[in-house]
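Here's the structure, in structure tokens; my notes come after.
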Amino acid sequence: MKPKELSVDLQDRIVLRHKSGEGYRKISAALKVPMSTVASIICKRKKFVTTRALPRAGRPSKLSDRGRRALVREVTKNPMVTLPELQRSSVGRGEPSRRTTISAAIHQSGLYGRVARRKPLLSKRHMAVCLEFAKRHLKDSQTMRNKILWSDETKIELFGVKHVWRKPGTAHHQANTIPTVKHGGGSIMLWGCFSAAGTGRLVRIKGKMTAAMYRDILDENLLQSALDLRLGRWFIFQQDNDPKHTAKISKEWLQDNSVNVLEWPSQSPDLNPIEHLWRDLKMAVHRRFPSNLMELERCCQEEWAKLAKDRCAKLVASYSKRLEAVIAAKGASTKY
């Protein structure tokens, strides 16, 4: 239990004795007050020119400093610990367990509950390959990058969310992200492409995509997209290392059509600027609240066509920054 404050009369007597030249030890013995309390009152008098109780910023916390430190240690060790779990551990230590008390204590340490970012699970080999790719292409000319037709698949769906306790600017730290594999659940799957000149074709993939389906998508959309975007016949095609992309039937189509394919490291969405367009597309589509799959597909096509050419150009123009971030992270996940 917190001790009561000394009476105003006793505080004044301590100050008067100190002014008369008595030391802390003598005042403590004469007034039967702990020497630390005497020192505290004298320091308060020197700092604030008064010994009276000063206005406080709200109700004093019932959580002890020890309890606060224990909470911070717990969320630092396990950023994905939930608030109910923190409440139970707080009760086990004999500390207050109100949600607002615990949240406020953690916020005071600069930690805030945020949705965990989804990032691919990277092995050391993945990181080494990504780092080597970034170093090799860092000095590529802008003219060369403008010739690249970037592509990828995505799913438009409502993902479940996971909250973590983290400090600002640490969203992409491994402990604060959820490892994912490509296309984990969803409603409709899309294939799309873009270049610095704008967006290319966007295609809905019905059912589970096979290598033959992917070959048909390329056959019906790739060359036409390059033509629409005026990339010229000798453009560079970017695709990831999905097994359907590297299947024999897909490779043969690309070779037969003399398509120059950019060598690409596995598990490296941070390197593909189309990820930003997928995010823009999903935000725009979800603002329209489509009510069924047919309407969802229509919204996707309309919003994809609306994506600004300037946005596409800036994503490609800033590609060096993306590579520099990968190099700085030594091949690990970045803010991109």
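Of the accessible area of the stretch 208-268, with the probe set at 1.4 angstrom, what percent is carbon plus sulfur?
On the way: 1580 of 3280 Å².
Taking all protein chains in place, the stretch 208-268 shows 48 percent carbon and sulfur surface.
Given H placed on each backbone N at 1.01 Å, which residues far from Ile236 in sequence or on other chains put an amide H within less than 5 Å of it?
Distant-sequence amide H within range of Ile236: Ile148, Leu149.
Work out from phi, with θ = phi - 60° and the Karplus expression 6.51 cos²θ - 1.76 cosθ + 1.60, the ³J(HN,Hα) of each residue of the stretch 101-110, listed in order in whole Hz, and give x for Gly and Pro.
5, 5, 4, 4, 5, 6, 4, 4, 8, x
Please list, by residue number, every one of the GluC sites (Glu not before Pro) in the stretch 257-336 that is coil in DSSP and has at most 14 other beta-carbon atoms within 10 Å.
Qualifying residues, ordered by number: Glu263.
How big is D for the stretch 211-270, in µm² s⁻¹ as a whole number, if Stokes-Einstein is applied with the Kirkwood radius of its Cα pairs at 10 °C and 1.306 mPa s? Walk me through the intermediate numbers first.
On the way: Rh = 12.1 Å.
Using the Kirkwood radius from Cα pairs, D works out to 131 µm²/s.
Kindly provide the Kirkwood hydrodynamic radius of the stretch 165-263 in Å, to one decimal, from all pairs of distinct alpha carbon atoms. Show your work: numbers first, answer last.
On the way: mean 1/r = 0.0638 Å⁻¹.
It is 15.7 Å.
Any idea what the dipole of the chain comes to, in debye rounded to 20, about its Cα centre with Lys/Arg Cβ at +1 and Asp/Glu Cβ at -1? Show your work: numbers first, answer last.
On the way: 64 positive and 31 negative charges, 553 e Å.
Once rounded to the nearest 20, the dipole reads 2660 debye.
Return the sequence-ordered ³J(HN,Hα) values of the stretch 236-253 in whole Hz as given by the Karplus equation 6.51 cos²θ - 1.76 cosθ + 1.60 applied to θ = phi - 60°, using x for Gly and Pro.
10, 9, 9, 8, 7, 9, 4, x, 5, 6, 9, 5, 4, 5, 6, 4, 4, 5
Kindly write out, for the stretch 124-140 in residue order, the coupling ³J(HN,Hα) from the Karplus curve 6.51 cos²θ - 1.76 cosθ + 1.60 (θ = phi - 60°), rounded to whole Hz, with x marking Gly and Pro.
4, 5, 4, 5, 5, 5, 4, 5, 5, 4, 4, 5, 5, 9, 4, 9, 4
On the principal axes of its Cα set, how long, how wide and how thick is the stretch 64-152? Give whole Å, largest value first.
If we take the Cα atoms of the stretch 64-152, the spans are 64, 25, 23 Å.
How high is the relative contact order of the stretch 220-317, in percent, with contacts defined as C-alpha pairs under 8 Å that are six or more residues apart?
Values: 52 pairs, mean separation 19.9, N = 98.
So the answer I get is 20 percent.
Output needed for the stretch 203-336: three equivalent-ellipsoid semi-axes, defined as square roots of 5 times the C-alpha gyration tensor eigenvalues, in descending order, whole Å.
Values: eigenvalues 111, 106, 53 Å².
In descending order the semi-axes read 24, 23, 16 Å.
Just to be sure I understand: if I project the alpha-carbon convex hull of the chain onto a plane and average over all orientations, what area do I get in nm²?
On the way: hull surface 102.3 nm².
One quarter of the hull surface, i.e. the mean projection, equals 25.6 nm².
Taking H placed 1.01 Å from N in the peptide plane, check which residues at least 5 places from Tyr112 or on another chain put their amide H under 5 Å from its amide H.
Close amide H contacts, sequence-distant or interchain: Arg166, Lys167.
Accessible area per residue, 1.4 Å probe, Å², for the chain: what's the number?
Details: 19610 Å² over 336 residues.
Here the per-residue accessible area is 58 Å².
The values are calculated or read from the model by the stated rules, or taken from the named source; none is laboratory data. Note that the structure is a prediction, hence the values are computed from the model and not measured. For neighbour counting, all protein chains shown are included, and Cβ atoms are generated from backbone atoms with ideal geometry for every residue, glycine included. Quick note on the areas: whole protein, heavy atoms, side chains included, nothing else; ligands and nucleic acids left out. Shrake-Rupley method; radii C 1.70, N 1.55, O 1.52, S 1.80 Å.
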